[in-house]
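**Q** Right, I'll just put the structure down here and ask away after.
The values are calculated or read from the model by the stated rules, or taken from the named source; none is laboratory data. The model shown is predicted, which means the values in this text are computed figures rather than measured ones. Cβ sites come from the backbone with ideal geometry, for glycine too, and all protein chains shown count toward neighbours. Heads up: the accessible areas ignore ligands, DNA and RNA and are worked out on the full protein's heavy atoms, side chains in. Shrake-Rupley method; radii C 1.70, N 1.55, O 1.52, S 1.80 Å.
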Protein chains: 6
Amino acid sequence: MLHNLLSKLDKTISINRVSAHCDVPCGIYDPMVAQIAALTVIREVDQLTELHNKDELSLNDKANFSRMVTVKEEHCNKVKEEIRIIWGDFIKQPQLDAYPQLHTLVHEIMLAGSVAKQHVDKDAALKLLDKVNEFAEIFWAIKGVKTYRANAPYAPAAEVVYPDLKA
Amino acid sequence: MLHNLLSKLDKTISINRVSAHCDVPCGIYDPMVAQIAALTVIREVDQLTELHNKDELSLNDKANFSRMVTVKEEHCNKVKEEIRIIWGDFIKQPQLDAYPQLHTLVHEIMLAGSVAKQHVDKDAALKLLDKVNEFAEIFWAIKGVKTYRANAPYAPAAEVVYPDLKA
Amino acid sequence: MLHNLLSKLDKTISINRVSAHCDVPCGIYDPMVAQIAALTVIREVDQLTELHNKDELSLNDKANFSRMVTVKEEHCNKVKEEIRIIWGDFIKQPQLDAYPQLHTLVHEIMLAGSVAKQHVDKDAALKLLDKVNEFAEIFWAIKGVKTYRANAPYAPAAEVVYPDLKA
Amino acid sequence: MLHNLLSKLDKTISINRVSAHCDVPCGIYDPMVAQIAALTVIREVDQLTELHNKDELSLNDKANFSRMVTVKEEHCNKVKEEIRIIWGDFIKQPQLDAYPQLHTLVHEIMLAGSVAKQHVDKDAALKLLDKVNEFAEIFWAIKGVKTYRANAPYAPAAEVVYPDLKA
Amino acid sequence: MLHNLLSKLDKTISINRVSAHCDVPCGIYDPMVAQIAALTVIREVDQLTELHNKDELSLNDKANFSRMVTVKEEHCNKVKEEIRIIWGDFIKQPQLDAYPQLHTLVHEIMLAGSVAKQHVDKDAALKLLDKVNEFAEIFWAIKGVKTYRANAPYAPAAEVVYPDLKA
Amino acid sequence: MLHNLLSKLDKTISINRVSAHCDVPCGIYDPMVAQIAALTVIREVDQLTELHNKDELSLNDKANFSRMVTVKEEHCNKVKEEIRIIWGDFIKQPQLDAYPQLHTLVHEIMLAGSVAKQHVDKDAALKLLDKVNEFAEIFWAIKGVKTYRANAPYAPAAEVVYPDLKA
């Protein structure tokens, strides 16, 4: 992946020149919000599975089952919404020329988000984060910002793409 | 366009067969909600332009200007959100095989929605509706439902794609 | 019902003349959003009942049960909210004179929406759609737009009132 | 008004007996939330008018004008929504028999809310609160709770109907 | 508690003098919205417990269990949000000088809200209301408004702090 | 600041031991969402000021002014909400013992958020980010995670505290 990104550096530079000419008000786009939401989906799957493995559910357990399903649902939607915004607002023709896989990748994130909503499934949740990380890597490459991967500093401690901003 | 749709009928039938095997809970998808939102964007552009053409704005006018901007913003977002849901939940590989333009079309709707948010511009608003209508036509063709175009029965009375369900 | 509507045509024409003089900013009102929400309520009742009839629920089934209850709840609220907006913004004295049943009908929609929220009951969900269709028929009659009834082109395929806009 | 309420006491008692048989889950209904929202509408009208009377608006003033319009809008919607919920969930046939004016009153609140949204007008805002107070008085009478009127203990200090619960 | 409030009267008066000089737009703050939300949390705990004590849950019961958990969750969040707004917007240094316990009390409300979310527990719900009442008492003392305690005029009829506004 | 954090390392370790015993479901807390929102507030102030400095505002400019005020407002609220959640859910007695300044700091964030809402003022927006960064530094110290400061890799490129996760 890193090699792949380096080989696109030239394209990236020309992209930045184009987007610098952007003449309309731009908000702030950061894939980290979607990545945190994807981590939350994994966390809820872990907790739902833990509850499911208990012999008997107390009243609190039953209520918390319902709450965790809602939290998982909301964060799947948040992933889809945040990625849609970056893709639909920030990604324009020059970025698509440099990264022709973007449409397919974003659509895969949408489908992975649906699967993660409809199942309590660790693999589905991990796949969602994986796709979002892939999107984040492209996003930061477009920005000309290096990235690294590290485990998130809280449960579920899954691997996340971070911008490498340390001087 | 109609000819184009008819020529895709065979593909559509096979698509339906595939989606009938869909084994996960499905919601209801209907592009009409996005179309009504796009009509509202046009309506607000008309009203904002009307206010802008007045010689002097009263207190009420100034407050309504701000309200109309908010309504326009919310409905641009609604268009983008509703189309993202149908594209990201309902459109899968068989539909993409039959309509390979779908990714590009949906991305164009996103960009048109951004332009319509950032401008008070009739052409931008009409283009947004136009793209959403195009999406609706494909959606109904996938469903095997005929469509027709008619002016919406309320201001701004722009042309909208409707499903043709009358026996 | 159709005969009933035709006999009100004269009143309708005078209503339109009055509302044409409306001097305040008007949004777009369309009962289709409420009708789609009512269809979704029926759909969720069908799916919840299907789950309930299974011998044993898997982890996914239990989580989806909770999700479907939430979707049903949200769409009952959406029906009530959308109808409240049309009734509370668009329906004024001339329309009430022509359709004196409107207050009672709208209140019946509210109560039917509450019953549909509190029960997983096909009849309650169908009654909600039925009342919303009745409201839509009056709405379009006020607008001077003909309507027809057809089954929705997606599950649950229940009968819906559509505006008849084909030239 | 108080005499009017007293004369309805018998009816009220029978209403309570009926609603005690209510066999479905009931939430908590309290018109105070709508009354506080109506007070906020008045407050925003006062502040918008104050800004409007300044000779020149600073950057902050212009931004705050926009913010106040939004706050006014949201609280008009909140009034309408809260009253719709009480009317549509809690008010059933026995209450309508005792207070046949309820449908008309609730519809008047909806229209008053629309007028208050579309104008920066103290009289329109006061009328909205007035109608909501009238609704609150009926609500508490249905509950068999005495009420009193007092000025709200914060700006705009308009008259509000409070339940009289002090032993 | 009342004695405690009386002893703070002098401080309160000086607070009012300070806040009267407040030069920025102020909204309306009223702890009653948080108190009603806390009452709703108690109500949902009662209803969830009632369901839990049934020998067998019907389809409706199971769906309503999920709905009640959601209502409880939303109203816990509402309590926390409403108190955060008053504390974060209205409470400034003079009020903190007069009531140095405010930070700790508000934080206790946050923690009590979390406990009430994570459990179906009458004591936890009552403790949440208790803390919110304590906050309301301080709030009204700051405003120079007397208060009294009475049972809410609807289930769960728990004790609530009301402003005493009757002349 | 770094020295200050290091000196608290012992306390932090004991905090972690305590929170490891936490027996209730925990979500994911990450101050980055609040930091991104604070950056957005700064960005909107820059853009609003730029518009304000133009000689004349076009129709688009006027509409965008209103939109930017709304974006600023929403992101001020988001900062306050996100920090309230971490403080109110995650910060308990052991963390308060280690960082007794937390209540005051969180309250300062709330007040800074209000000032940033009520003004279009670069200093106010920068102060909000500054306080949120301070909170983030304590949060990561509690987690035992090192941090570094770097300029955000997008406009307004203000300094942000990042977790230092690179191996």
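**Q** In the stretch E:91-100, which residues are more than 10 Å from chain F (Cβ to nearest Cβ) and in contact (Cβ under 8 Å) with a residue 12 or more places away in the chain?
**A** Correct list: E:PRO94, E:GLN95, E:ASP97, E:ALA98, E:TYR99.
**Q** Right, something else. Can you confirm whether the stretch A:143-155 contains a residue that is among the aromatic types (Phe, Trp, Tyr) and under 18 Å from A:ARG43 (Cβ atoms)?
**A** yes
**Q** Any idea how many residues of the stretch E:64-105 are under 18 Å from F:SER114 (Cα atoms) and out of contact with any Pro (no Cβ under 8 Å at 6 or more places or on another chain)?
**A** So the answer is 15.
**Q** What pairs come out if I take residues in the stretch E:28-45 that are part of a helix (DSSP H, G or I) and pair them with residues that are at pLDDT 95 or above and among the charged types (D, E, K, R) whose C-beta lies under 6 Å away, six or more apart or interchain?
**A** Correct list of pairs: E:VAL33/E:GLU82; E:ALA34/E:GLU82; E:ILE36/D:ASP30; E:ALA37/E:LYS78; E:VAL41/E:LYS72; E:GLU44/E:LYS72; E:VAL45/E:LYS122.
**Q** Is it true that D:ASN60 is open to solvent by 60 Å² or more (accessible area, probe 1.4 Å) and farther than 18 Å from B:GLU74 by Cβ?
**A** No.
**Q** Report, by residue number, each residue of the stretch F:51-90 that is facing another protein chain (nearest Cβ under 9 Å), out of contact with any helix residue (DSSP H, G or I) (no Cβ under 6 Å at 6 or more places or on another chain) and under 20 Å from F:LEU105 (Cβ atoms).
**A** F:GLU81, F:ILE85
**Q** Okay, next question. Name the one entry in D:ALA155, D:ALA150, D:ALA141, D:ALA125 that is under 22 Å from C:HIS107 (Cα atoms) and away from chain C (no Cβ under 14 Å).
**A** D:ALA141
**Q** Okay, moving on. Failed condition for B:GLU50, given (1) open to solvent by 20 Å² or more (accessible area, probe 1.4 Å); (2) touching a residue at least 24 places away in the same chain (Cβ under 8 Å), with all others met?
**A** The number of the failed condition is (2).
**Q** Is it the case that some residue within the stretch A:28-41 is at pLDDT below 95, surrounded by 15 or more Cβ atoms within 10 Å (Cβ to Cβ) and farther than 30 Å from E:GLN118 by Cα?
**A** So far as the stretch A:28-41 goes, yes, one or more of its residues are at pLDDT below 95, surrounded by 15 or more Cβ atoms within 10 Å (Cβ to Cβ) and farther than 30 Å from E:GLN118 by Cα.
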